[in-house]
Amino acid sequence: MIKKLSFWGADEDDDSLPRAVIAGRKTVTSDLVDSYYAGYGDLGEGGYAEGDLIRVHDLKGRPRCLIRATKVERIRFDAIPEAVWRGENFSSADEYRQVHIDCMPEHVLQDDTEFIALHFELVGTE
């Protein structure tokens, strides 16, 4: 079974993250632990596990590419591993933290806040 995933965007026309996956610049995505395991509608099933095949959709629901989950790890907000911030296409752990603070204003992200990082590889484009 192929699972579904969509990435956060500034608006429904923002397809920068699927394009970064296709270009090989984005190989990790992460979310708060509780959010990671909860589905979020038709375009996000949540709870992805190593080995899962996942179809990435843009925010308009169009399939963009197929990825395979290669690793799932729990991380703390105060200790973002280099493989995670680089895989998320950031230049530093500080940039990773700031972007996540900015795009999750409804959450108070503290040092001990835990995220799940999903590492993946591109299988093909759609």
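The values are calculated or read from the model by the stated rules, or taken from the named source; none is laboratory data. Being a predicted model, the structure only gives us computed values, none of them experimental. Backbone-built Cβ (ideal geometry, glycine too); neighbour counts: all protein chains shown.
Exactly one condition in (1) under 25 Å from residue 110 (Cα atoms); (2) out of contact with any strand residue (DSSP E or B) (no Cβ under 8 Å at 6 or more places or on another chain); (3) among the basic types (Lys, Arg) is not met by residue 76; state its number.
With respect to (1) under 25 Å from residue 110 (Cα atoms); (2) out of contact with any strand residue (DSSP E or B) (no Cβ under 8 Å at 6 or more places or on another chain); (3) among the basic types (Lys, Arg), residue 76 is out only on (2).
Yes or no: residue 14 of a type in the set (Asp, Glu), in a loop (DSSP other than H, G, I, E, B) and modelled with pLDDT of 95 or more?
For residue 14, the condition - of a type in the set (Asp, Glu), in a loop (DSSP other than H, G, I, E, B) and modelled with pLDDT of 95 or more - is not met.
Out of region 1-32, which residues are hydrophobic (A, V, I, L, M, F, W, C), over 25 Å from residue 113 (Cβ atoms) and surrounded by fewer than 13 Cβ atoms within 10 Å (Cβ to Cβ)?
Residues satisfying the conditions are 1, 2, 23.
Inside region 1-39, can you point out the residues that are more than 10 Å from the chain's Cα centre (by Cα) and closer than 18 Å to residue 105 by Cα?
Listed by number, the residues that qualify are 9, 10, 11, 32, 33, 34, 35.
Could you figure out which of (1) surrounded by fewer than 18 Cβ atoms within 10 Å (Cβ to Cβ); (2) polar (S, T, N, Q); (3) modelled with pLDDT of 95 or more isn't true of residue 35?
For residue 35, the failing item is (3).
I want to confirm something. Restricting to region 102-124 and keeping residues that are modelled with pLDDT under 95 and closer than 27 Å to residue 64 by Cα, which single residue is surrounded by the fewest Cβ atoms within 10 Å (Cβ to Cβ)?
102
Can you tell me which residue in region 54-64 is surrounded by the fewest Cβ atoms within 10 Å (Cβ to Cβ), limited to those that are within 14 Å of the chain's Cα centre (by Cα) and of a type outside the set (D, E, K, R)?
59
Being of a type in the set (Val, Ile, Thr) and touching a Phe, Trp or Tyr at 6+ places or on another chain (Cβ under 9 Å) is the filter here; which residues of region 102-126 pass it?
Across region 102-126, the qualifying residues are 113, 116.
For region 21-44, which positions are small (Gly, Ala, Ser), in contact (Cβ under 8 Å) with a residue 24 or more places away in the chain and in contact with an Asp or Glu (Cβ under 9 Å, 6 or more places away or on another chain)?
Answer for region 21-44, where residues must be small (Gly, Ala, Ser), in contact (Cβ under 8 Å) with a residue 24 or more places away in the chain and in contact with an Asp or Glu (Cβ under 9 Å, 6 or more places away or on another chain): just 30.
Can you name the condition, by its number, that residue 55 falls short on among (1) out of contact with any Cys (no Cβ under 8 Å at 6 or more places or on another chain); (2) on the phi < 0 side of the Ramachandran plot?
Evaluating residue 55 over (1) out of contact with any Cys (no Cβ under 8 Å at 6 or more places or on another chain); (2) on the phi < 0 side of the Ramachandran plot leaves (1) as the failure.
Considering only residues that are crowded, with 17+ Cβ neighbours inside 10 Å and in contact with a Leu (Cβ under 7 Å, 6 or more places away or on another chain), which ones fall in region 73-101?
77, 100
Only one of (1) free of Cβ contacts under 8 Å to residues at least 12 places away in the same chain; (2) within 22 Å of residue 4 (Cβ to Cβ); (3) crowded, with 16+ Cβ neighbours inside 10 Å is not met by residue 47, so which one is it?
Residue 47 satisfies every listed condition except (3).
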